[in-house]
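No lab work stands behind these numbers, since they all come straight from the coordinates. Remember, it's a predicted structure, so these values are computed and weren't measured experimentally. Positions of Cβ are backbone-derived with ideal geometry, glycine not excepted, and every protein chain shown enters the neighbour counts.
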Amino acid sequence: MYLDHFGLKEAPFRITPHTDFFFQGANRGATLEALLYAITHDEGIVKVSGEVGSGKTMLCRVLMERLPASVETIYLGNPSLSRDEILFAIGDELKLDTQEKRTTRVLRGLQEHLIRLFGEGRRVVVLIDEAHAMPKETLEEIRLLSNLESNRHKLLQIVLFGQPELDEHLGTPEMRQLKERITHGFRLEPLVRSDIENYVDFRMRAAGYRGPQVFSRGAVKLIASASQGLTRRVNILADKALLAAFADGTHAVTETEVRKAVRDTEFYRRRFSLHKAWIGAGALAAGLAIGWGTHVLLSAGDPASASGSPHGAPKAAAPVTLTAPATGSMPIASGSPSPAGAGTPGPAAQTLAAPDAEPARRGSPVPPERGEFVRERFKATQEWFQNAPDDRYAIQLVTVNSGELRKLEDFLLRASAMVPAGELFVYSVKIDGRQHYRAAYGSYASPEQALDAIKELPPLFSAYHPYYRSVERMRSQNRQ
């Protein structure tokens, strides 16, 4: 929905694992390299644990892609397998004949097959996802499978991916033998705020974005707090914040858009409800304590009370009422919003707006203060915007703030020696509330034509990683 609005080629924050979007920061890249080393150097059983949504499945998928061709990979994503079923599942993946065979014969056939593969210079690794949910009997079978070895080498490498509950299972006495077989253990920790800032920017650019950073520092701070550093939650919040910015006709994601996204998330509601429950319990306890203390003080001078049991209950404590601020659910409509600048906001814009939110403001474009050629092209662009069709596309070249107009002047003068000056455009852009100016080039009937033109741009242009944007969006930015 918002791809063209931000100059994206694909959605940057999908929650399904997409290996092109693997973030190597926050020790993820180092963990991947360590896993590759452990698997290719006969290190036996390896464990990777992390909270729900911390990126375990993404790491597993990337690992499968990065392993050398000499390694055969078996992925088991069903944690409910019994100890016999996991043996047969591995045999099926290796195309062994397991029909109408007893477990002992399947195990013998598996060992012979693994020895044959090892003699051919090949290895086999079993990647087990959701291992924390496996029955303990199945985990014990995994330990026995790790015993398959030649004279000097392990025949089967095993990697367990699971939530922190896996560590708890391994800490029990009956799992002691399996725990001792684990040669390496890795923990995917939640991202800190600086990691989240890099993560969000990385995914935006992996999706094709080429402009300045979209998410302000305040927005990143809110995302870090609400997501608790879990990448899946970061993806959900960032995606909804981009949609909110698109609905509001802005190209910068600030605290305003993130707050709308946070209020629309299930995990925020659960966390907030739990927080209110704890506050309510605390308030009730405080009220009872105050009531009891008042009773004791009053009863000290009350003969009737003094004659009663010292452990008697107070007559009544004044009720304590705690009022939490209301936070309504902010569902995002599936309908498309109306074009920016239209008289009536579309359904998405209406749904995303908070009850007390101010309507998006549209003002007159701010002319640049200096640069003769910059000012000339800015004026010409305003006239061009009045008649240019919305479904035309231009190539976005550079963006500068209001203090860098001399740089923009120099760039445009050099550019005008390479392309017709009349095809160079300058328009106003607000980023994080600050005045900027963006230079664009050309007018194309479709994104495909714009992409073809980008490939033919002179080095002066291509050095800035140009991208295309529709005239409708350019005009919308120009009116901010």
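Over every pair of different alpha-carbon atoms in the stretch 126-201, take the mean of 1/r and invert it; report that Kirkwood radius in Å. Write out the running numbers ahead of the final one.
On the way: mean 1/r = 0.0701 Å⁻¹.
Evaluated over the stretch 126-201, this radius sits at 14.3 Å.
Please give the per residue volume of the convex hull enclosing the alpha carbon atoms of the stretch 410-480, rounded to a whole number of Å³. Mind showing how you got there, number by number?
Working: hull volume 7.2 nm³, N = 71.
Taking the convex hull of the Cα positions in the stretch 410-480, it is 101 Å³ per residue.
What list of ³J(HN,Hα) values in whole Hz, one per residue of the stretch 54-70 in order, does the Karplus curve 6.51 cos²θ - 1.76 cosθ + 1.60 (θ = phi - 60°) give from phi, with Gly and Pro shown as x?
Along the stretch 54-70, the couplings run 8, x, 5, 5, 4, 4, 4, 5, 5, 4, 4, 6, 8, 5, x, 5, 6 Hz.
Please give the per residue volume of the convex hull enclosing the alpha carbon atoms of the stretch 88-141, rounded to a whole number of Å³. Could you put the intermediate results ahead of the total?
Values: hull volume 5.2 nm³, N = 54.
Per residue, the Cα convex hull of the stretch 88-141 comes to 96 Å³.
Treat the stretch 91-246 as a sphere of radius equal to its Kirkwood radius over Cα pairs and apply Stokes-Einstein at 37 °C in a medium of 0.692 mPa s; give the translational diffusion coefficient in µm²/s, rounded to a whole number.
Details: Rh = 19.4 Å.
My calculation gives 169 µm²/s for D.
Quick check on the stretch 61-158: what does the Kirkwood estimate of hydrodynamic radius come out to from the alpha carbon pairs, in Å?
Working: mean 1/r = 0.0720 Å⁻¹.
Answer for the stretch 61-158: a Kirkwood hydrodynamic radius of 13.9 Å.
Do any GluC sites (Glu not before Pro) in the stretch 404-480 lie in a DSSP loop with no more than 15 other beta carbon atoms within 10 Å, and if so, which?
Values: sites: Glu404, Glu409, Glu423, Glu448, Glu456, Glu472; in loops: Glu456.
Loop-located and lightly packed - Glu456.
Give me the three principal axis extents of the stretch 193-235 from the C-alpha atoms, as integers in angstrom, largest value leading.
28, 20, 12
Could you give the length gained on full extension between Ser70 and His113, defined as 0.36 nm per residue of separation minus the Cα-Cα distance, in nm?
Working: separation 43, 0.36 × 43 = 15.48 nm, distance 1.52 nm.
Contour length minus Cα-Cα distance gives 14.0 nm.
May I ask you to order 249-258, 112-121, 70-79 by the average number of other C-beta atoms within 10 Å around their residues, highest value first?
Details: 249-258: 23.4, 112-121: 13.0, 70-79: 15.2.
By packing density, highest mean first, the sequence is 249-258, 70-79, 112-121.
For the stretch 135-212 and the stretch 393-433, what is the separation of their C-alpha centers, rounded to whole Å?
49 Å
For all pairs of alpha-carbon atoms in the stretch 388-431, what percent lies in each bin of width 5 Å, listed from the first bin to the last filled one?
5, 17, 28, 25, 16, 9, 1
Rounded, prolate or oblate for the stretch 1-91? Axes are the square roots of the Cα gyration tensor eigenvalues, ordered a ≥ b ≥ c, and the cut-off for rounded is a/c under 1.5. All intermediate terms of the calculation are to be shown ahead of the outcome.
On the way: a/c = 2.25, a/b = 1.67, b/c = 1.34.
Taking the square roots of the gyration eigenvalues as a ≥ b ≥ c, the stretch 1-91 is prolate.
Full-extension gain between Glu383 and Ser80, please, as 0.36 nm times their residue separation minus the C-alpha to C-alpha distance.
Numbers: separation 303, 0.36 × 303 = 109.08 nm, distance 6.60 nm.
Gain on stretching Glu383 to Ser80: 102.5 nm.
Anything over 19 Å Cα to Cα? Flag those among Lys240/Lys260; Lys9/Lys430; Lys407/Lys455; Lys9/Lys260; Lys101/Lys179; Lys9/Lys240, in the order listed. Walk me through the numbers on the way to the answer.
Numbers: Lys240/Lys260 8 Å; Lys9/Lys430 23 Å; Lys407/Lys455 24 Å; Lys9/Lys260 25 Å; Lys101/Lys179 30 Å; Lys9/Lys240 17 Å.
In this structure, Lys9/Lys430; Lys407/Lys455; Lys9/Lys260; Lys101/Lys179 exceed 19 Å between Cα atoms.
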